[in-house]
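Inspection log for the structure reproduced underneath, given as structure tokens.
The values are calculated or read from the model by the stated rules, or taken from the named source; none is laboratory data. These numbers were taken from a predicted model, which means no experiment stands behind them. Reconstructed Cβ throughout: ideal geometry from the backbone, glycine too, with neighbour counts over all protein chains shown. Remember, those area values only see protein heavy atoms, side chains included, never the ligands or the DNA or RNA. Shrake-Rupley method; radii C 1.70, N 1.55, O 1.52, S 1.80 Å.
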Amino acid sequence: MQELTSAGSLDDFLGRLARAPERLLVLDYDGTLAPFTPERDRAVLYAGVAPLVEAIIASGTVVAFITGRSVATLSPRLPWTDIDIFGAHGCEHRDRQGRHHRVLLPADALLALERIEQEMRNRGLGLAMECKYGTIALHWRHAPDTLRTDIQQALPAILSALPASVFGAPFDGGFEFRARAANKGTALKILLDRHPQAAVAYLGDDLTDEDAFAALPAHGLGVLVRPALRPTRASVWVRPPAELLDFLSAWIAKDPARTS
Ligand SMILES: [Mg+2]
């Protein structure tokens, strides 16, 4: 684990964790807790992660997920049912009671996303596309170079016709069109409003996770989880899987029930 901002920030956070009245651990899934796979439906948690997260939940920490996936594709991959899952970069939310919520999106955003979906299908790029509520991701991580080229050739015309309510941005392994109404930061703020006294950490790997890092309070901890370092707002860099397991183990070690 490497501190990126100030020396001692990780130890300071872990000290707060032991003293805090509440603990909140917010997690991305793909690339963070689960390695990328050619078939996204086969992405599973790194070995050893599930029992550690289980122990963290059992110790009283509130655990939640914020993902670019839809809630429907993430929830079957998790062994926990009574946790919050924010999907589609915060456009949708399944709460701990199993109730589903959607951010209200403007009509022009929904229409623009429908048109993008149709345009991609017309170009024969449907297989690269992941359509979710409020976002369309185009994946090329494990695809042939020709697919990436075809997608990139389609982008300028689409980008030039977008309404202000939708934007396009690259992510690690593709490109995504997203409604501006929500992002991982707005999702994290919902959790922070619910747990204002919590010691909070957010773990993520991708550019879209930067919105969540930016939304953390000054006393929170942003943890970039990826094999290679890149510019980030996170304050700690963790290389998976070994250092990820170390971080989760350190969290458990600060459980007040264990340390008191
Ligand atoms: Mg990710």
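Numerical summary
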| read-out | value |
| --- | --- |
| Condition met for residue 84 (under 19 Å from the mean Cα position of the chain (by Cα), open to solvent by less than 10 Å² (accessible area, probe 1.4 Å) and either within 16 Å of the ligand (Cβ to nearest atom) or hydrophobic (A, V, I, L, M, F, W, C) (or both)) | no |
| One residue from 203, 224, 248, 188 being farther than 22 Å from residue 102 by Cβ, open to solvent by less than 40 Å² (accessible area, probe 1.4 Å) and touching a helix residue (DSSP H, G or I) at 6+ places or on another chain (Cβ under 7 Å) | 248 |
| In the stretch 206-221, residue nearest to residue 45 (Cα to Cα) [restricted to those that are within 16 Å of the ligand (Cβ to nearest atom) and touching a strand residue (DSSP E or B) at 6+ places or on another chain (Cβ under 6 Å)] | 206 |
| Residue 79 being under 23 Å from residue 210 (Cα atoms) and exposed (fewer than 15 other Cβ atoms within 10 Å of the Cβ) | no |
| Subset tally (residues that are in contact (Cβ under 8 Å) with a residue 40 or more places away in the chain and open to solvent by less than 30 Å² (accessible area, probe 1.4 Å)) for the stretch 133-143 | 4 |
| Scan of the stretch 44-85 for residues that are among the small types (Gly, Ala, Ser) and in contact with a helix residue (DSSP H, G or I) (Cβ under 7 Å, 6 or more places away or on another chain), ordered by number | 48, 55, 59, 64, 68, 70 |
| Whichever residue in the stretch 153-205 is within 15 Å of the ligand (Cβ to nearest atom) and outside any strand (DSSP E or B) and, among such residues, is farthest from residue 139 (Cα to Cα) | 188 |
| Conditions (1) within 26 Å of residue 40 (Cα to Cα); (2) without any contact (Cβ under 8 Å) to a residue 40 or more places away in the chain: number failed by residue 202 | (2) |
| Count - residues of the stretch 144-171 that are small (Gly, Ala, Ser) and open to solvent by 30 Å² or more (accessible area, probe 1.4 Å) | 4 |
| Residue check for residue 203: in the same structural domain as residue 37 (by TED's automatic domain parsing) and either among the β-branched types (Val, Ile, Thr) or over 14 Å from the mean Cα position of the chain (by Cα) (or both) | no |
| In the stretch 62-76, residue farthest from residue 182 (Cα to Cα) [restricted to those that are open to solvent by less than 10 Å² (accessible area, probe 1.4 Å) and in a loop (DSSP other than H, G, I, E, B)] | 69 |
| All positions within the stretch 90-131 that are in a loop (DSSP other than H, G, I, E, B), over 23 Å from residue 39 (Cα atoms), in contact (Cβ under 8 Å) with a residue 24 or more places away in the chain and open to solvent by 100 Å² or more (accessible area, probe 1.4 Å) | 104 |
